Amino acid sequence: MSLLTCAQWLQSTGWATAIRGSWYVYPVILSLHMTAISLFGAMIVVTDLRLLGIVMRKRPVADVVDELRIPKRIGFVLVATCGALLASSKAEEYYYNPFFWTKMSLLALVAVHALVFRGSVYSRAAEFDQAARIPGKAKLAASLSLLLWFCIACAGRGIGYIEPPLDKLHASLAQPVSGPPAPIPWLERR
Amino acid sequence: MFLAEANPLNGSPLVFPILECMHIVGWALLVGTIGLVDFRLLGVGLRRQTAAETAKDLAPWTLLGLAIILLSGPLLFSSDPDMYYLNRSFQFKMVCFVLAVTFNYTFHRKMVRAGVSGGAGVAVACVSLLLWVGVVFGGIFIAFV
């Protein structure tokens, strides 16, 4: 089964069809995706800026890094769940979207980043507080993390700028079934 | 009446997406840092320091975020003022935004500095988070209504 077949199957599932069929479910999930990104993305930014010695310099590194670990994981699950629902509803369209694949590749690099730096940097925050200065490896990890997540956010926004190749798509799947509600006459009167 | 065509920002297709990325970064800084204070009031996150300490540590970053969105937002708006002005979702976003910023720099700041905790702290955090969530929903729905 090719990747395209997988995307078509994903898009034809009940939940994906339901998301696509309503004018408001997609933007609601997108809003939740963005809300979670701002709230939990800031935890990543604060963690990394603390490792770089830029914010909360008076607070122990361990206080920031360790206390935010669990909330960050919960946040990632929320963001990824919303993201997966959004992507599945337009899976075939996104199969042709270069920004979508850029974003997925960058997310794979985040996994590599975690494999490389979790044990050597993020689990050893308490040691940095004993040391005279934060080691270069920790600063490298923090800088790469900031760069990766910034690029992921930009690539995510870029997805919306690619016109779906309508000639390649299953036409019935490409368009939402219903549009926004008709304007309310008494609110439209000026 | 503004003409979208007369705006030099509309001369390049790259300007709008670049401004949008700036807007998202500023937004994440502004709301994320306030969110960390609110989460602390809810007993989540940076529990080894008080909400007041967190707010004080992060205040310059909150302000930086606010400055970035106040710079990028009006420029984005200028790309098509008539559309935004008449867009119900945009109007909702602006109401939520003004309320959220006002709440943050008045009541929220005062309560956090005074060391609010318990039920009152939860209430302050929930009002703050709800207002900011309203801003996100208003912003996203601009393109969908």
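Can you list the helices (runs of 4 or more DSSP H) found entirely within the stretch B:1-114 that contain at least 2 residues being among the aromatic types (Phe, Trp, Tyr)?
Helices (runs of 4 or more DSSP H) meeting the threshold: B:15-41, B:51-78, B:81-86, B:88-103.
I'd like the residue in the stretch A:159-188 that is modelled with pLDDT under 90, assigned to a helix (DSSP H, G or I) and crowded, with 16+ Cβ neighbours inside 10 Å and, out of all such residues, is nearest to the other protein chains (Cβ to nearest Cβ).
From the stretch A:159-188, those modelled with pLDDT under 90 are A:160-188; that's our starting set.
If we keep only those that are assigned to a helix (DSSP H, G or I) as well, we get A:171-174, A:185-188.
Remaining after also requiring crowded, with 16+ Cβ neighbours inside 10 Å: A:173-174.
On the way: A:Leu173: 19, A:Ala174: 16 Å.
Per the stated criteria, the residue is A:Ala174.
Restricting attention to the stretch A:1-54, which residues are of a type in the set (A, V, I, L, M, F, W, C), within 14 Å of chain B (Cβ to nearest Cβ), part of a helix (DSSP H, G or I) and in contact with a Ser or Thr (Cβ under 8 Å, 6 or more places away or on another chain)?
Selection gives A:Ile19, A:Ala42, A:Ile44, A:Val46.
Hey, can you tell me all the residues within the stretch B:4-29 that are under 18 Å from the mean Cα position of the chain (by Cα) and at the interface with chain A (Cβ under 8 Å from one of its Cβ atoms)?
B:Glu20, B:Cys21, B:Ile24, B:Val25, B:Trp27, B:Ala28, B:Leu29
Based on this model, can you work out whether B:Asn87 counts as away from chain A (no Cβ under 11 Å), touching a residue at least 24 places away in the same chain (Cβ under 8 Å) and buried (at least 20 other Cβ atoms within 10 Å of the Cβ)? Even if it seems obvious, please write down each step before you answer.
Working: away from chain A (no Cβ under 11 Å): yes; touching a residue at least 24 places away in the same chain (Cβ under 8 Å): yes; buried (at least 20 other Cβ atoms within 10 Å of the Cβ): no.
So B:Asn87 fails the test.
Might you let me know whether the stretch B:50-58 holds any residue that is crowded, with 22+ Cβ neighbours inside 10 Å and in contact with a His (Cβ under 9 Å, 6 or more places away or on another chain)?
Our first condition is that a residue be crowded, with 22+ Cβ neighbours inside 10 Å; within the stretch B:50-58, this holds for B:51, B:54-55, B:57-58.
Then keep just the ones that are in contact with a His (Cβ under 9 Å, 6 or more places away or on another chain); that gives B:55.
Yes, there is a match, as at least one residue in the stretch B:50-58 is crowded, with 22+ Cβ neighbours inside 10 Å and in contact with a His (Cβ under 9 Å, 6 or more places away or on another chain).
Can you tell me which residue in the stretch A:5-42 is farthest from B:Gly138 (Cα to Cα), limited to those that are small (Gly, Ala, Ser) and surrounded by 19 or more Cβ atoms within 10 Å (Cβ to Cβ)?
This residue is A:Ala7.
Is it the case, given these coordinates, that B:Arg47 is of a type in the set (Lys, Arg), modelled with pLDDT under 90 and surrounded by fewer than 17 Cβ atoms within 10 Å (Cβ to Cβ)?
For B:Arg47, the condition - of a type in the set (Lys, Arg), modelled with pLDDT under 90 and surrounded by fewer than 17 Cβ atoms within 10 Å (Cβ to Cβ) - is met.
Would you be able to tell me the number of residues in the stretch A:55-85 that are surrounded by fewer than 18 Cβ atoms within 10 Å (Cβ to Cβ) and in a loop (DSSP other than H, G, I, E, B)?
Going through the stretch A:55-85 one residue at a time, the tally reaches 3.
Out of A:Thr5, A:Thr35, report the one residue that is in contact with a helix residue (DSSP H, G or I) (Cβ under 7 Å, 6 or more places away or on another chain) and among the hydroxyl-bearing types (Ser, Thr, Tyr).
Among A:Thr5, A:Thr35, only A:Thr35 is in contact with a helix residue (DSSP H, G or I) (Cβ under 7 Å, 6 or more places away or on another chain) and among the hydroxyl-bearing types (Ser, Thr, Tyr).
The values are calculated or read from the model by the stated rules, or taken from the named source; none is laboratory data. Keep in mind that what you see is a predicted model, and the values were worked out from it rather than measured. Methodologically, a virtual Cβ is constructed for each residue, glycine included, from the backbone with ideal geometry; neighbour enumeration extends over all protein chains shown.
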